């Protein structure tokens with residue numbers, strides 16, 4: 001079942017991709033003063049969370065990005081957790097496109113009204129979603145949230161746009 | 001129980017409202033170095049954009065905000081466009097709650113699969129061709145600007 005309401009993430013990616021291409025890769029590893037993370041972490045986090053929410057929570061499959069992504073890019077990680085195997089900016093930019101294709105496929109198959117096996121409740125008192133549509137909606141907001149942070153980081157590092 | 005993008009928008013607004021409680025009012029008018037706007041502009045911009053997308057564009061209602069809102073908070077404006085009548089931080093936070101109530105009243109339970117009179121494609125990208133897509137775009141746009149707000153907050157409280 002194709003539900004057009006679920007396709008918003010794909011529109012968001014069409015806005016995000018050219019914005020990322022306008023970023024000087026030399027800025028990707030620089031942490032703006034006063035912050036914990038950098039653009040490289042933000043992009044890896046955005047990819048990891050979208051895969052976890054849509055492929056994992058909504059579709060009940062395994063996210064296709066390597067398991068190691070969680071150790072580099074999950075909540076509460078930072079560039080201090082990076083190692084020699086952590087993808088660099090061009091590799092992440094490539095992974096974003098590959099991931100978008102995977103998500104497009106899964107979004108075509110999801111039933112928005114289906115209940116989740118378990119509600120999405122990251123901490124007590126915070127219930128984010130009980131249905132597939134709710135997860136997709138939260139993923140869309142999260143995607144915007146980190147896109148906004150990246151736009152700010154880029155400006156703070158002296159980039160334009 | 002989110003089942004449509006409106007529910008997600010109202011749910012994430014609860015997260016946002018909670019985060020905004022921790023923002024000291026002293027920083028809301030400060031434009032961080034290198035940035036174009038401040039927290040007050042971003043909050044007003046989000047409220048105005050979401051009402052325009054979810055109510056006016058979908059045809060489900062009328063924007064319920066003060067006249068002049070687009071002149072203070074529309075695309076391409078900045079805090080330089082503020083006047084004595086521009087809502088302050090407390091008024092904006094109250095408006096966020098009032099606006100959520102208006103959105104719920106007008107949009108909840110409506111058929112969001114209905115096509116817009118014409119696709120909304122402001123930058124050559126079709127952002128929305130149905131009501132639901134317009135609401136979904138608003139949800140992403142809210143995330144985008146609240147991400148910026150949280151970044152401004154981190155920066156200015158540091």
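Out of the helices (runs of 4 or more DSSP H) lying entirely within segment A:1-83, which hold 1 or more residues that are touching a strand residue (DSSP E or B) at 6+ places or on another chain (Cβ under 9 Å) and crowded, with 22+ Cβ neighbours inside 10 Å? Can you show your working first?
Working: elements: A:8-21, A:39-51, A:68-73.
The qualifying helices (runs of 4 or more DSSP H) are A:8-21.
Would you kindly identify the helices (runs of 4 or more DSSP H) lying entirely within segment B:1-75 that contain at least 2 residues that are within 9 Å of another protein chain (Cβ to nearest Cβ) and within 16 Å of the chain's Cα centre (by Cα)?
B:5-21
For segment B:77-114, how many residues are modelled with pLDDT under 95 and out of contact with any helix residue (DSSP H, G or I) (no Cβ under 8 Å at 6 or more places or on another chain)?
1
Just to be sure before I move on: is residue A:120 touching a strand residue (DSSP E or B) at 6+ places or on another chain (Cβ under 6 Å), without any contact (Cβ under 8 Å) to a residue 12 or more places away in the chain and within 11 Å of chain B (Cβ to nearest Cβ) in the structure I sent?
So residue A:120 fails the test.
What tally of residues in segment A:123-150 results from selecting those that are surrounded by fewer than 22 Cβ atoms within 10 Å (Cβ to Cβ), more than 14 Å from the chain's Cα centre (by Cα) and within 7 Å of another protein chain (Cβ to nearest Cβ)?
1
Residue A:87 passes all but one of (1) assigned to a helix (DSSP H, G or I); (2) more than 14 Å from chain B (Cβ to nearest Cβ); (3) touching a residue at least 12 places away in the same chain (Cβ under 8 Å); which number fails?
Every condition holds for residue A:87 apart from (1).
When segment B:119-133 is examined, which residues are found to be assigned to a strand (DSSP E or B), surrounded by fewer than 18 Cβ atoms within 10 Å (Cβ to Cβ) and either facing chain A (nearest Cβ under 9 Å) or at positive phi (or both)?
If the condition is that a residue be assigned to a strand (DSSP E or B), surrounded by fewer than 18 Cβ atoms within 10 Å (Cβ to Cβ) and either facing chain A (nearest Cβ under 9 Å) or at positive phi (or both), then B:129 is the only one that fits.
The values are calculated or read from the model by the stated rules, or taken from the named source; none is laboratory data. Here the structure is a predicted model, which is why all the values come from computation and not from measurement. Don't worry about glycine lacking a Cβ; one is built from the backbone with ideal geometry, like all the others, and counts go over all protein chains shown.
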